[in-house]
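Nothing in this text is a laboratory measurement; each read-out follows from the coordinates by a stated rule. Everything numeric here is computed off the predicted structure, so don't read it as measured data. Backbone-built Cβ (ideal geometry, glycine too); neighbour counts: all protein chains shown.
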Amino acid sequence: MANDAAVVAEGLVKHFGDVVALDGIDLTVERGQVVGLLGPNGAGKTTTVRILSTLLQPTAGSARVAGFDVEKHPDDVRRAIGLTGQYAAVDEYLTGRENLRMFGDLYHLSARYVKERSTELLEWFDLAEAADRPARTYSGGMRRRLDLASSLIAKPSILFLDEPTTGLDPRSRLGMWGVITDLVNEGTTVLLTTQYLEEADQLAQDIVVIDHGRVIAHGTAEVLKDQIGGDRIEISVSDAARVGDAVGVLRPIGTADASVDGTRILMPVTGGSTVLVDAIRLLDGSSIEVSDIVLRRPTLDDVFLSLTGHVAETEPAPPPAGGRRGRKEKQS
Ligand SMILES: Nc1ncnc2c1ncn2[C@@H]1O[C@H](COP(=O)(O)OP(=O)(O)O)[C@@H](O)[C@H]1O
Ligand SMILES: [Mg+2]
């Protein structure tokens, strides 16, 4: 039910001078759900999250978070949400524990509660040992975890995570995924932005793909893959001289012309896994020996390429040499 949803955005538009950052974004996150807002750099992810977390006002459109209008009741919205930005908002000169205390003060929480909650969060985020060291001695992954822990000090029911793993090494990324999964299992609603397909695929039940401030696709990873179609069978024949015969034999199950690369044939098909059985039967009937046969479904990368016309980033950028402050933002 729309009214009951944790986040509902309708027709969000945001202009920065001449720049149209958002051009009519619709978005719903049901309670307890993880939605992935997937898009390349400059797509409008951060702008969306900033509007939903009341840091920016939309030029047009409206949004409700936790049942409250973001423009009419920003204080109620803020009380219900946690926000972790694209860049860790950690005070380098404070220890991990002091950073958490600072956030507790911002939320006017009692000292006793903050003390207990901090200890709990530091344990959970694997920061207990480093708790009394200044954050400037932390690795990139530890800073992100501390940043996320800070946003959880007041136990928000809705969490906005803006590119929580951008710039992290693969191991820290996995750690972050684990923590996010824990949060979701505890019932937290999460809207997560990412430029990584794999991350959306791993964490999000529902994926909203945006580009140039517009929603260009929406659905589960499977639905998105189905949308562009494009299953194909890849067959390698043992005898190069029989490639032509094999293409001829397979023609009845193909939905378009096959392409051939050495002894390997790529045949576009539809019909799911039974088509594989048909292919094997046809080849067997012509005594063509097959060394390998596999049905390939499109990947989320294929989806992204087909929707946006450009390839998504699949690997994080290498960590900057001079810490996060040295990181250069790439704009597309
Ligand atoms: N404060 C701002 N002033 C001017 N342009 C902005 C501002 N914030 C964002 N933009 C522009 O809006 C577009 C969307 O930006 P953003 O929401 O940060 O994208 P993403 O987070 O997906 O990388 C980009 O073209 C960006 O340059
Ligand atoms: Mg951003």
Residues whose modelled amide H sits under 5 Å from the amide H of Q33, counting only those 5 or more places away in sequence or on another chain, are V190
Rounded to the nearest 5, the percent of antiparallel DSSP beta bridges in the range 2-226 equals 55 percent
Relative contact order of the chain (C-alpha contacts under 8 Å, at least 6 apart) in percent is 20 percent
Nearest 10, in degrees from 0 to 90: the angle of helix 96-106 to the longest Cα principal axis of the chain is 70 degrees
Taking 15-27, 252-264 and ranking on average Cβ neighbours within 10 Å, highest first, one gets 15-27, 252-264
The relative contact order of the range 230-297, taking Cα pairs under 8 Å that sit 6 or more residues apart, comes to a percentage of 50 percent
Relative to the chain, whose Cα atoms define the longest principal axis, helix 274-285 and its Cα axis are tilted in degrees, nearest 10, by 30 degrees
Taking Cα atoms, the helix 170-185 axis meets the longest principal axis of the chain at an angle in degrees (rounded to 10) of 70 degrees
Per the range 230-297, sqrt(5λ) over the Cα gyration tensor eigenvalues, sorted largest first, in Å, gives 17, 12, 10
Sparse-neighbourhood loop hits (GluC sites (Glu not before Pro), the range 163-266; DSSP loop; Cβ within 10 Å at most 15 others) -> E186
Amide H contacts under 5 Å for D211, restricted to residues at least 5 apart in sequence or on another chain and with H modeled in the peptide plane, are I216
If the chain between S139 and D76 were fully extended at 0.36 nm per residue, the gain over the current Cα-Cα distance would be 19.3 nm
In the chain, lysine pairs 8 or more places apart or on different chains with C-alpha atoms under 28 Å apart total 12
Once the mean of 1/r over all distinct C-alpha pairs in the range 2-226 is inverted, the Kirkwood radius in Å reads 17.7 Å
In debye to the nearest 20, the charge dipole size for the range 230-297, taken about the Cα centre with +1 at each Lys and Arg Cβ and -1 at each Asp and Glu Cβ, equals 180 debye
Taking 0.36 nm per residue of separation between A89 and S291 and subtracting their Cα-Cα distance, the length gained on full extension comes to 67.3 nm
